[in-house]
Amino acid sequence: MWTKEMFHVSKPIIALLHIRALPGDPYFDNRGGLEKVIDTAGTELHALQAGGVDGILFANEFSLPYQKHADSVTIASMSYVIGCLKREISLPFGVSVVANPMATIELAAATRAQFVRNTFTGAYVGENGFVDTNVGDVVRRKYALGLSDLKMLYKVNPESDVFLAERDLKVVTRSIIFHCFPDALCVSGYSAGSETNSEILSLVKEASGDVPVFCNTGCTAENILEKLAIADGACVGTAFKKDGIFDNVVEISRVKKFMDNVTAFRAKT
């Protein structure tokens with residue numbers, strides 16, 4: 001799998017680096033400014049890398065409530081934050097502008113990210129209203145920007161929302177693979193930090209063929225072995241934070257405990 005070539009391990013753990021609220025976001029800290037956002041991101045980056053994760057995914061998870069069309073200041077701010085930290089990044093890294101596939105591709109071009117994650121396909125409904133994706137335009141934008149090597153991680157089922165017309169996830173998985181050329185598939189719970197259902201994860205894995213499948217939410221030090229027994233890797237964010245709470249900062253001790261379990265699992269397989 002391409003994942004082993006990029007991350008140099010089997011079943012990689014991609015750590016979410018949740019960038020704090022940015023200019024224009026309701027909870028942006030005007031007094032601390034972007035300098036505080038960068039300081040916090042830098043501290044968490046060092047903790048994640050020292051704790052032994054295999055990759056970093058920068059995402060504006062604190063830009064709540066998420067926009068259907070991200071403001072230019074959001075993309076510019078994310079580029080600035082990542083640019084300021086670029087020399088300190090020692091692992092493969094990716095980017096995600098939450099709920100904004102096209103902006104994610106353009107951010108990847110600006111930062112030279114190696115992979116992206118987003119909801120690239122499907123039509124959904126939820127608190128953010130109706131969401132209708134346009135994967136055709138997004139993939140074409142990727143190639144127009146010369147990003148042929150950029151790996152795209154597609155969410156199979158959306159966090160928080162539901163399909164406008166419910167379909168069997170095996171059918172959805174096979175359709176995404178046939179029509180949309182994903183490099184990997186991500187299976188989620190109902191929100192960031194909520195555990196992904198192992199039965200659903202297994203259904204997607206059974207239908208995915210050679211396309212890697214990531215457990216996308218809710219992995220913890222206690223359940224990661226169960227998830228990795230099914231999936232080809234995991235995206236992990238909240239579990240690395242103090243007390244496992246989304247709003248808190250990353251603690252290196254929690255990262256090391258989690259990765260010790262992963263290392264032991266890999267040694268047995």
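Suppose we filter the stretch 220-269 for residues that are part of a loop (DSSP other than H, G, I, E, B) and charged (D, E, K, R); how many remain?
Number satisfying all stated conditions: 4.
Assess whether D137 counts as being touching a strand residue (DSSP E or B) at 6+ places or on another chain (Cβ under 6 Å), within 23 Å of A59 (Cβ to Cβ) and surrounded by fewer than 22 Cβ atoms within 10 Å (Cβ to Cβ).
no
Those residues that are under 12 Å from T121 (Cα atoms) and open to solvent by 40 Å² or more (accessible area, probe 1.4 Å), I need them from the stretch 165-200; list them, please.
Answer for the stretch 165-200, where residues must be under 12 Å from T121 (Cα atoms) and open to solvent by 40 Å² or more (accessible area, probe 1.4 Å): I177, H179, F181.
Just the residues that are of a type in the set (G, A, S) and within 10 Å of M78 (Cβ to Cβ), please, taken from the stretch 103-122.
A103, A110
What residue, among those in the stretch 77-92 that are open to solvent by less than 60 Å² (accessible area, probe 1.4 Å) and small (G, A, S), is farthest from G24 (Cα to Cα)?
Once the filter is applied, the top-ranked residue is G83.
Has the stretch 168-189 got any residue that is small (G, A, S), modelled with pLDDT of 95 or more and over 19 Å from V236 (Cβ atoms)?
Yes.
So, of the residues in the stretch 104-124 that are hydrophobic (A, V, I, L, M, F, W, C) and open to solvent by 10 Å² or more (accessible area, probe 1.4 Å), which turns out to be farthest from L17 (Cα to Cα)?
A123
Kindly list the number of the only condition in (1) more than 21 Å from T3 (Cβ to Cβ); (2) among the β-branched types (V, I, T); (3) part of a helix (DSSP H, G or I) that fails for V131.
(3)
Looking only at the stretch 235-242, decide whether some residue is crowded, with 18+ Cβ neighbours inside 10 Å, more than 18 Å from V9 (Cβ to Cβ) and among the charged types (D, E, K, R).
First, pick out the residues of the stretch 235-242 that are crowded, with 18+ Cβ neighbours inside 10 Å: 235-241.
Next, from what is left, pick out any that are more than 18 Å from V9 (Cβ to Cβ): 237-239, 241.
Still in the list and also among the charged types (D, E, K, R): 241.
There is at least one residue in the stretch 235-242 that is crowded, with 18+ Cβ neighbours inside 10 Å, more than 18 Å from V9 (Cβ to Cβ) and among the charged types (D, E, K, R).
How about the stretch 98-128: which of its residues are touching a Lys or Arg at 6+ places or on another chain (Cβ under 9 Å), farther than 14 Å from K68 by Cβ and in a loop (DSSP other than H, G, I, E, B)?
R112, Q114, F120, T121, G122
When you look at T40, is it over 15 Å from the mean Cα position of the chain (by Cα), of a type in the set (V, I, T), surrounded by 16 or more Cβ atoms within 10 Å (Cβ to Cβ) and assigned to a helix (DSSP H, G or I), yes or no?
In short, yes.
Sort through D210, D247 and tell me the only one that's closer than 26 Å to V172 by Cα, surrounded by fewer than 22 Cβ atoms within 10 Å (Cβ to Cβ) and not aliphatic (A, V, I, L, M).
None of the others qualify; the one that does is D210.
Name the residue, out of G42, G55, G33, that is in contact (Cβ under 8 Å) with a residue 60 or more places away in the chain and of a type outside the set (K, R).
On inspection, the qualifying residue turns out to be G55.
The values are calculated or read from the model by the stated rules, or taken from the named source; none is laboratory data. The structure presented is a predicted model; accordingly, all values stated were derived computationally and were not measured. As a convention, Cβ positions derive from the backbone with ideal geometry for all residues, glycine included, and neighbour counts pool all protein chains shown. With ligands, DNA and RNA removed, areas are computed over all heavy atoms of the protein, side chains included. Shrake-Rupley method; radii C 1.70, N 1.55, O 1.52, S 1.80 Å.
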